[in-house]
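A short worksheet on the structure shown next.
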Ligand SMILES: Cc1ncc(COP(=O)(O)O)c(C=O)c1O
């Protein structure tokens, strides 16, 4: 039954605001009153007070509880958002991070009082070094993209010292690399050269050989790729680059699939970054906070940013061992420290064996879905995949049937977060709308089976009742949004605020 009555708990706070309502009443002032204008001389003060909603505590709590329940989270439902590794983050990460030893620490404390923190960073670096097979790590970058930038700056500094900074101007990037790779290379001042992938998503070695020249600084390869494919010829790729004096950068944000199984350093990778907020259980979404440490080969270590946590005979210290060669600082203090602590807690629970099992199970789960949905949805590369599998809407969207977008919206009605759609781009998916599913290792077989049933049901609906799918979602507080209009003509104002 629908009703036209408006529930105050579902209104905007501005709509329920009443002058004078407060969550809290402060006691009368017991210190001398200060005139703000004279205390903050020269500051740009507002001419009029800001319009803020005035509400009681109960209105406020109901408002936010309602909003929180409209939100979709991995704690409530399956969230197979490809390329994002939305694995469940154990609550103990946050419980331990909330201990006063962490929450009350300040980066300006004397080094003697930071000993445990520096030791934690040294240990985390050594674990990431072991997983990467590369000897030196910096934890400073605050995101994957910043890790890429740091890695390329390190490569640039290396070539500058060799006197090749001006000649090595180009970075080769496969067309199925993550979108941040070309953006980073351009931001770091390199020219990008696109390497078209083979039909199966792997690197075309002959094409690569023809592109590698004396002006090549590096190749940036996302491995496993955004097509969920593990590159089978990394050793040959590394050789082609090294023979030409260039470097191999690996975007390791998808390490979830191969961690503990393959070490990029053993394959000839010179620099790689991790996304701790994908692989090592740091929550992500809504822009962070994350961490994108990089691991580098020995010849690149002198250029790493400082401060570097180190162990000396006297104890732990934050050092700048190569003041003349370091690229400098890339982040304030020691990086996103809370994220580093969570990754440390997670990895210490997993141990070596657990890290490997995560990689194996993430891969097994993606391949299980690939096998179960074969024939129901078109599969872009129907061969063993890594941590994610790319389906497309080729079977459903033909003759004007529902598209990847419609299918994704319909999943919401069954309590499943939509997978990533239209990425990889249609150019690498035969012009079809991609539906990239990354189940992660944390999901049970029962959840995966439910997903399979839902996807089969939606495929059937696409045939029997396409309009139902095209108008989805039907069970959410807000139904289908005009996404184009929302992006091109957003109405980002509140009538009361500008009144
Ligand atoms: C493969 C890959 N590379 C790079 C990035 C960029 O990482 P961030 O969003 O932390 O900058 C991502 C993000 O998910 C990614 O999946």
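The values are calculated or read from the model by the stated rules, or taken from the named source; none is laboratory data. Computed from a predicted model, the values in this text were never measured in an experiment. Glycine gets a Cβ as well: all are built from the backbone with ideal geometry, and neighbour counts include every protein chain shown.
Which pairs do you get when a residue that is farther than 11 Å from residue 409 by Cβ, found in the range 466-479, comes within reach of a residue that is exposed (fewer than 14 other Cβ atoms within 10 Å of the Cβ), reach meaning Cβ atoms under 6 angstrom, with the pair 6+ apart or on two chains?
Correct list of pairs: 477/70.
On the given criteria, is residue 174 within 16 Å of the ligand (Cβ to nearest atom) and over 12 Å from residue 250 (Cα atoms)? Walk me through how you get there before you give the answer.
Working: within 16 Å of the ligand (Cβ to nearest atom): yes; over 12 Å from residue 250 (Cα atoms): no.
Considered against the rule, which asks whether it is within 16 Å of the ligand (Cβ to nearest atom) and over 12 Å from residue 250 (Cα atoms), residue 174 comes out as no.
Looking only at the range 381-398, count how many residues are surrounded by 21 or more Cβ atoms within 10 Å (Cβ to Cβ) and more than 13 Å from residue 225 (Cα to Cα).
First, pick out the residues of the range 381-398 that are surrounded by 21 or more Cβ atoms within 10 Å (Cβ to Cβ): 385-393, 396.
Then keep just the ones that are more than 13 Å from residue 225 (Cα to Cα); that gives 391-393, 396.
Residues meeting the conditions: 4.
Can you pull out every residue in the range 1-20 that is over 14 Å from residue 61 (Cα atoms) and part of a loop (DSSP other than H, G, I, E, B)?
1, 2, 3, 4, 5, 6, 7, 18, 19, 20
For a quick check of your reading of the model, give me the residue pairs whose first member lies in the range 263-278 and is over 18 Å from residue 226 (Cβ atoms), whose second is within 14 Å of the ligand (Cβ to nearest atom) and in a strand (DSSP E or B), with beta-carbon atoms closer than 9 Å and at least 6 apart or on different chains.
Final answer for the pair search is 265/272; 267/250; 270/249; 270/250; 271/249; 271/250; 271/294.
Determine whether residue 387 is part of a strand (DSSP E or B) and not assigned by TED's automatic domain parsing to the domain that holds residue 262.
no
Residue-by-condition table, conditions (1) within 16 Å of the ligand (Cβ to nearest atom); (2) over 21 Å from residue 156 (Cβ atoms); (3) not assigned by TED's automatic domain parsing to the domain that holds residue 440:
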{"site": "273", "(1), (2), (3)": "yes, no, yes"}
{"site": "299", "(1), (2), (3)": "no, no, yes"}
{"site": "304", "(1), (2), (3)": "no, no, yes"}
{"site": "311", "(1), (2), (3)": "no, yes, yes"}
{"site": "315", "(1), (2), (3)": "no, yes, yes"}
{"site": "334", "(1), (2), (3)": "no, yes, yes"}
{"site": "338", "(1), (2), (3)": "yes, yes, yes"}
{"site": "342", "(1), (2), (3)": "yes, yes, yes"}
{"site": "361", "(1), (2), (3)": "no, yes, no"}
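Cβ-Cβ under 6 Å, sequence separation 6+ or interchain: first residue in the range 1-27 and modelled with pLDDT of 90 or more, partner outside any loop (DSSP other than H, G, I, E, B) and surrounded by 10 or more Cβ atoms within 10 Å (Cβ to Cβ). Which pairs?
Sorted first by the residue in the range 1-27, then by its partner, the pairs are 13/63; 16/8; 16/59; 23/57; 23/60.
Go through (1) surrounded by 21 or more Cβ atoms within 10 Å (Cβ to Cβ); (2) modelled with pLDDT under 95 for residue 138 and report which single condition fails.
Of the numbered conditions (1) surrounded by 21 or more Cβ atoms within 10 Å (Cβ to Cβ); (2) modelled with pLDDT under 95, the odd one out for residue 138 is (2).
If I filter the range 400-420 for residues that are modelled with pLDDT under 95, assigned to a helix (DSSP H, G or I) and over 20 Å from residue 228 (Cα atoms), do I get at least one hit?
Yes, some residue in the range 400-420 is modelled with pLDDT under 95, assigned to a helix (DSSP H, G or I) and over 20 Å from residue 228 (Cα atoms).
Just a yes or no: is a residue in the range 65-88 over 30 Å from residue 346 (Cα atoms), outside the structural domain of residue 475 (by TED's automatic domain parsing) and within 38 Å of the chain's Cα centre (by Cα)?
Applying the first criterion (over 30 Å from residue 346 (Cα atoms)) to the range 65-88 yields 66.
Filter again for outside the structural domain of residue 475 (by TED's automatic domain parsing), leaving 66.
Then keep just the ones that are within 38 Å of the chain's Cα centre (by Cα); that gives 66.
There is at least one residue in the range 65-88 that is over 30 Å from residue 346 (Cα atoms), outside the structural domain of residue 475 (by TED's automatic domain parsing) and within 38 Å of the chain's Cα centre (by Cα).
Checking residue 151 against (1) away from the ligand (no atom under 16 Å from the Cβ); (2) surrounded by 14 or more Cβ atoms within 10 Å (Cβ to Cβ); (3) closer than 25 Å to residue 324 by Cα, which test does it fail?
It fails just one condition, (1).
Yes/no per residue for (1) more than 16 Å from the ligand (Cβ to nearest atom); (2) under 20 Å from residue 154 (Cβ atoms); (3) surrounded by 24 or more Cβ atoms within 10 Å (Cβ to Cβ):
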| residue | (1), (2), (3) |
| --- | --- |
| 239 | yes, no, no |
| 247 | yes, yes, yes |
| 250 | no, yes, yes |
| 328 | yes, yes, no |
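Out of 68, 136, 43, 50, which single residue is more than 16 Å from the ligand (Cβ to nearest atom) and touching a strand residue (DSSP E or B) at 6+ places or on another chain (Cβ under 7 Å)?
136
For the range 181-215, which positions are in contact (Cβ under 8 Å) with a residue 60 or more places away in the chain and within 16 Å of the ligand (Cβ to nearest atom)?
Result: 181, 197, 201.
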